[in-house]
Amino acid sequence: MNAPFKLRPYQQEAVNATLKHFRKSAESAVIVLPTGAGKSLVIAELARLARRKILVLTHVKELVEQNHAKYQSYGVEGGIFSAGLNRKEHRYQVTFASVQSVAANLAQFKEEYSLIIIDECHRVSGDENSQYQRIIEQLRQHNKDLKVLGLTATPYRLGMGWIYRYHYRGFVRSEEKKPFVHCIYELPLIYMINRGYLTKPKLVDAAIAQYDFSVLAQNRFGEYAEQDVNALLSKHRRVTRAIIEQVMEQATKRQAVMIFAATVDHAKEITGYLPQEQTALITGATDQRERDELIQRFKQRQLKYLVNVSVLTTGFDAPHVDFIAILRPTQSVSLYQQIVGRGLRLDEGKQDCLVIDYAGNNVNLYHPEVGEKKPNPDSEPVQVLCPSCGFANIYWGKTDGQGHVIEHYGRRCQGLLGVGEGEEPVQPFEQCDYRFRFKECPHCGGENDIAARNCQQCKKAIIDPDDQLRDALKLKDAMVIRCAGITVSNNQDRLKITYHGEDGEELSETFDLSKSAQRNVFNQLFGRRLANAQTPQTFSTLDEVLAVQALLPAPDFVIARKQKKHYWQVQERIFDYQGSYRKAYEI
């Protein structure tokens with residue numbers, strides 16, 4: 001059985017990585033390839049090499065057909081199990097199926113399968129009652145060594161974070177249980193563009209007024225409520241009209257335009273400004289038959305504008321698209337890449353793809369996904385080296401004019417210990433325990449995650465900072481300040497630290513660094529956290545501290561108690577606070 005397609009080098013590498021992984025492990029795995037990288041060819045090659053039964057799952061019938069067609073191009077027969085395609089075949093060695101159809105007919109899948117391949121696997125949740133998990137559990141009953149492979153361009157899911165735990169380059173994505181265990185191969189978008197496998201995006205700043213979604217409240221996933229978005233957009237209809245007028249002006253030299261709207265109401269408004277005979281609108285409520293017809297007309301170039309709301313970010317292939325207009329907000333680099341990726345497939349005569357962001361997302365297309373909610377609009381992905389193991393972490397952070405990291409929001413180093421350059425991690429996995437932000441146990445001094453309730457070392461309860469603040473605020477002889485910054489000075493050969501509150505209050509304390517006990521306290525509080533804990537230092541003298549005073553951290557809160565001599569004595573300094581109380585200068 002000869003292969004009709006010659007795999008690109010990276011596709012062959014992905015296949016080889018899969019074979020290598022499953023020869024030594026039955027743990028689930030993920031392959032990450034950008035949109036347009038040809039995941040269906042990787043799937044077809046793996047299915048061709050298989051000797052036992054395989055089930056290939058995806059969530060839309062278009063991908064079922066596409067993956068099945070690539071496999072059959074090898075000259076072999078495969079089955080399709082999809083209600084949307086009116087086929088229920090599962091007797092073949094390789095079956096291509098929609099997850100909905102299999103989940104509704106689990107009783108028909110009682111044979112032994114060796115492998116499940118899940119396309120667009122970022123849709124798999126950790127819920128054991130989800131359709132994907134029920135299918136996996138059903139097949140595991142007939143083969144306890146069932147292997148699960150996922151493919152996606154975006155291994156990140158809002159609300160869940162990363163969909164896997166360990167990366168083959170030697171780092172940890174999550175300490176929590178995830179739908180997949182390993183990422184075994186990954187290719188960045190920039191690699192595909194630079195080598196001509198994808199069309200080059202032409203990123204252009206909107207030349208007219210943009211939407212300002214920053215005034216809206218975000219949920220814990222960094223997204224906005226549809227009601228709030230609609231309320232904001234209803235006040236800016238002139239902006240929407242002006243945007244669409246510019247889109248039509250820019251589209252005169254373009255083949256096909258995809259417009260990503262924020263809400264259904266927004267999409268309807270946009271559609272009303274576009275030429276009716278050239279425009280289609282697709283939402284989650286669009287009838288399946290009508291949707292298929294509109295997409296087909298768009299692919300056949302009978303329609304020029306395709307407006308959609310969150311339904312065509314995956315499983316959609318129209319290579320002639322050469323203009324992407326983004327009118328919806330998102331905090332996710334992954335989703336942004338999915339949207340832009342709709343226009344990056346190669347097509348005859350296509351030179352580039354125009355991309356205009358009218359939503360002010362401020363997302364760098366080539367930045368890596370950080371895996372956490374963006375803490376504020378000014379944040380960007382920054383590289384932070386671990387002082388303990390040297391691993392290069394990627395966190396949200398801020399840089400100065402020279403590109404130096406001045407602040408970051410990382411907690412624990414993501415590096416895996418004992419992994420050399422170019423080596424794959426081997427079990428048992430041991431994550432570096434260095435913490436950039438931590439909560440110190442008052443019982444044993446152990447460092448814990450800032451959200452920990454019990455010490456990971458001595459297991460004793462750790463005082464909740466909210467409880468500390470709440471209790472202190474109840475006391476008449478206690479003072480609590482939101483610390484906006486600190487200053488240090490020489491006070492009779494002692495180090496004096498003054499804490500400045502946002503309303504002008506001040507508290508201060510001194511450390512005699514010639515005494516080991518006080519020196520140890522200072523180093524644990526401030527030396528350990530120097531420069532966002534990127535360069536921890538053990539200080540011995542006052543002059544050493546004064547030389548780097550700009551790098552000393554400021555606590556978020558300081559608690560002091562009034563003493564008999566009517567002065568305030570600092571008792572608690574709360575660093576890396578996350579809780580219900582507002583910090584200095586927060587709105």
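The values are calculated or read from the model by the stated rules, or taken from the named source; none is laboratory data. Computed from a predicted model, the values in this text were never measured in an experiment. Glycine also receives a Cβ, built like all others from the backbone with ideal geometry; neighbour counts cover every protein chain displayed. Quick note on the areas: whole protein, heavy atoms, side chains included, nothing else; ligands and nucleic acids left out. Shrake-Rupley method; radii C 1.70, N 1.55, O 1.52, S 1.80 Å.
Taking a ≥ b ≥ c as the square roots of the eigenvalues of the Cα gyration tensor, an a/c ratio of 1.5 or more together with a/b no larger than b/c marks region 476-587 as oblate. A simple count of charges around Glu447, restricted to other residues whose Cβ falls under 13 Å of its Cβ and scoring Lys, Arg +1 and Asp, Glu -1, yields +3.
Each of Lys202 and Phe5 was given a label point 7 Å from its Cα along the Cα-to-Cβ line. The distance between the two points is 2.9 nm. Solvent-accessible surface of region 96-159, averaged per residue with a 1.4 angstrom probe and all protein chains in place: 40 square angstrom. Counting only protein heavy atoms and a 1.4 Å probe, region 301-367 has 29 square angstrom of accessible area per residue.
Report the extension gain between Arg238 and Tyr567 in nm, rounded to one decimal, defined as 0.36 nm multiplied by the number of residues separating them, less their alpha carbon distance.
112.4 nm
Here the simple spin-label model places points 7 Å from the Cα toward Cβ, and for Gln227 and Thr487 these points are separated by 4.8 nm. What would the Debye equation give as log₁₀ I(q)/I(0) for region 1-62 at q = 0.16, 0.17 Å⁻¹, counting only Cα atoms as equal point scatterers? Each listed q maps to, in turn, -0.58, -0.66. Packing-based ranking of 524-533, 27-36, 77-86, 452-461 yields 27-36, 524-533, 77-86, 452-461, ordered from highest to lowest mean Cβ neighbour count within 10 Å. When the Cα gyration tensor is reduced to axis lengths a ≥ b ≥ c, the ratio a/c is 1.5 or higher for region 320-365, and with a/b above b/c it is classed as prolate. Calculated FRET efficiency, Leu475 to Asp543, Cβ-Cβ distance, R0 = 51 Å: about 0.85 to the nearest 0.05. For the chain, adding -39500 (n - 2.57) for each run of n ≥ 4 DSSP H residues and dividing by the number of residues yields -7000 deg cm²/dmol at 222 nm.
Does region 402-525 come out rounded, prolate or oblate by the C-alpha gyration tensor, with a ≥ b ≥ c the root eigenvalues, rounded set by a/c under 1.5 and, if not, prolate when a/b is larger than b/c and oblate if not? Prolate.
Just to be sure I understand, if you calculate volume of the Cα convex hull per residue in Å³ for this structure, which of (i) 157; (ii) 148; (iii) 190 do you get? Read-out from the structure maps to (iii). Atom-type composition of the exposed protein surface of the chain places 44 percent of the accessible area on carbon and sulfur (1.4 angstrom probe). Solvent-accessible area per residue in region 400-509 equals 57 Å², computed with a 1.4 angstrom probe and all protein chains kept.
Length available on full extension from Ile406 to Gln288: 0.36 nm per residue minus the Cα-Cα distance, which gives 37.4 nm. Structure note, pairs Lys20/Lys178; Lys374/Lys476; Lys147/Lys202: Cα-Cα distances above 31 angstrom occur for Lys374/Lys476; Lys147/Lys202.
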